């Protein structure tokens, strides 16, 4: 059974997925961040693979990607850093990024390496469903890497059901149509989360975009299985030195 | 691949290039456009308004001018398609007129656009003023500094100019910012892309709006020579909108050579170039799969060209396909070649071309021309916006300029 499935079997509410850009704040801090997140009680680690042109990301994550690229982070370097991660990290780890760097690395080679190092899932917001079905689904299934689709308040029921059928791991419910880090009210989006709940999807639902603290985390979790935090954590890392203590304080603040 | 060079598949592919690689947040907008653009564009009342505006507002048809002294110099026959005489100074307005009418019919009340040198930004601000629609133009912070007159024009026309501060702060990043702005405000906003790039259906829609250029070329050449077909059509290519328009109605005519001229900057292998077909690899940029200048790790490279309009690390998927299949011939001109062509065009024909268009003229030197050839060069824009660069080039070159006069 996949680690993600296993997690949701054991825990189906208030699941906390925390995003951090790989190679940020320092090239070699990736594993330190992952360990800190695991120790502090995050349920899933989402590692961002930095890209020069991240269309779905707001300023904060863009800037962290810029730092990571300047630090020398590449897909190859990342896999090298993650080679032995399963000696330390037991919780699910997913990779988030954009298709172009992966195409240059080789999509199949990428999936194979991801599986080898123990990656559980993949979020690539710029692979549309049509391309996924024709080009990528078979390879991902072969290497048993979950592919997580995004849905938004504007996504039709038909399309949500298709994302649920094609995707695995969980459904990434974008809280409002926006880039990451924009402050739109989570509480206003409850009807949307209720609608998702009523669809009784096969996959669990995690809410992302706009989750930054205890209040927004709780609001996001009311009608879903959990939430994803990225921008707020990157900001916290920007403002301090000791990754372990920053992470502990941050996660405690969110989970209360 | 058996797909057409001219029109993409339903999913937006020209051969292996194209598609719509966009996040789900943009799907409803792009899908709405994909389903409706052809129906809207070819609806009689749309065509009536579009054609009327092209005629009375843009000033079409633009002349096809027999360039006698240039022809004599190259011992062949050369015509210039005078897109530089369009309102706002370049071909860009053909597309913005079309898209503002599409936006109106989609019920959108706000327009966003990206711009590099500011030509597309000015053309967008212009049609928004014409229609009384709010306009926000994203422009790289560096380009805002370099292109002050066009920034002033956009502001005079009522547009808000937002500096793109991410990445390299130029056209690539202005495009990213425009797309992000669209993600954040998708419902009532239409994004007017300025070139044949972006997710499907943009490349096809923009090519169709620009195709008026080659439609007129055919009719005008027939009137002048009795034949609709030239031997060569030459156009500069950054993203490739004027080239798409100039090639469009000749693509299915195998006797017509389509010559695309990219910006080599300081030279193809100098590390300061924008010749995407020579330096790029298959990749994804701004929502479509095409040739992209990038590092081995797939990070997009900031290109260089003296001409801001060609300073783009990608190329429209239609052009990538023309290159890949061999239907198009891709040449390149350096900054210096282009500058030389600027003065050549000024002194031989009394026309000050835009730096972009000068790249197309510069290709003449590299071609093996016959006396019997009939060549059309798409003179995509006028040089007013480049005057500061030209003034700088003349400093210390006065002597050279004088010498070249008797050409």
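Pull out a ≥ b ≥ c, the square roots of the eigenvalues of the alpha-carbon gyration tensor of chain B, then state rounded if a/c is under 1.5, prolate if not and a/b is larger than b/c, and oblate in the remaining case. Cα axes put chain B in the rounded bin. Cα centroid distance between the range A:144-166 and the range B:310-365, in Å? Here the answer is 44 Å between Cα centres.
Taking the longest Cα principal axis of chain B as reference, the axis of helix B:335-349 is set at about 70 degrees. For the range B:152-171, the residues whose amide N sits under 14 Å from a probe point set 7 Å from the Cα of residue B:129 along the beta carbon direction are B:152-161. Take every DSSP beta bridge whose two residues both sit in the protein assembly as shown; close to 20 percent of them are antiparallel. Helix-derived [θ] at 222 nm for chain A: sum -39500 (n - 2.57) over DSSP H runs of at least 4, divide by residue count, nearest 500? The helix-only estimate for chain A comes to -12500 deg cm²/dmol at 222 nm.
With n ≥ 4 as the cut-off for DSSP H runs, can you work out [θ] at 222 nm for chain B, using -39500 (n - 2.57) per run divided by the number of residues, rounded to the nearest 500?
-12000 deg cm²/dmol
Mean partner shielding of peptide B:176-183, defined as the number of other chain Cβ atoms within 10 Å of each residue Cβ, is 5. Mean per-residue shielding of peptide A:46-55 is 6, counting Cβ atoms of other chains within 10 Å of each Cβ. Can you grab the distance from the C-alpha centre of the range A:13-48 to the C-alpha centre of the range B:176-205, Å, no decimals? What the calculation gives is 33 Å, centre to centre. Which of rounded, prolate, oblate describes chain A, given a ≥ b ≥ c as roots of the alpha-carbon gyration tensor eigenvalues and a/c under 1.5 marking rounded, otherwise prolate only if a/b is larger than b/c? Rounded is the answer for chain A, as its axis ratio a/c remains below 1.5. For chain B, the longest principal axis of the alpha carbon atoms and the long axis of helix B:171-184 meet at an angle near 20°.
Every number here is computed from the coordinates shown, using simple stated rules; none is lab data. Just so it is clear, the structure is predicted and the values come from calculations on it, not from any experiment. FYI the Cβ positions are ideal-geometry reconstructions off the backbone, even for glycines, and counts take in every protein chain you see.
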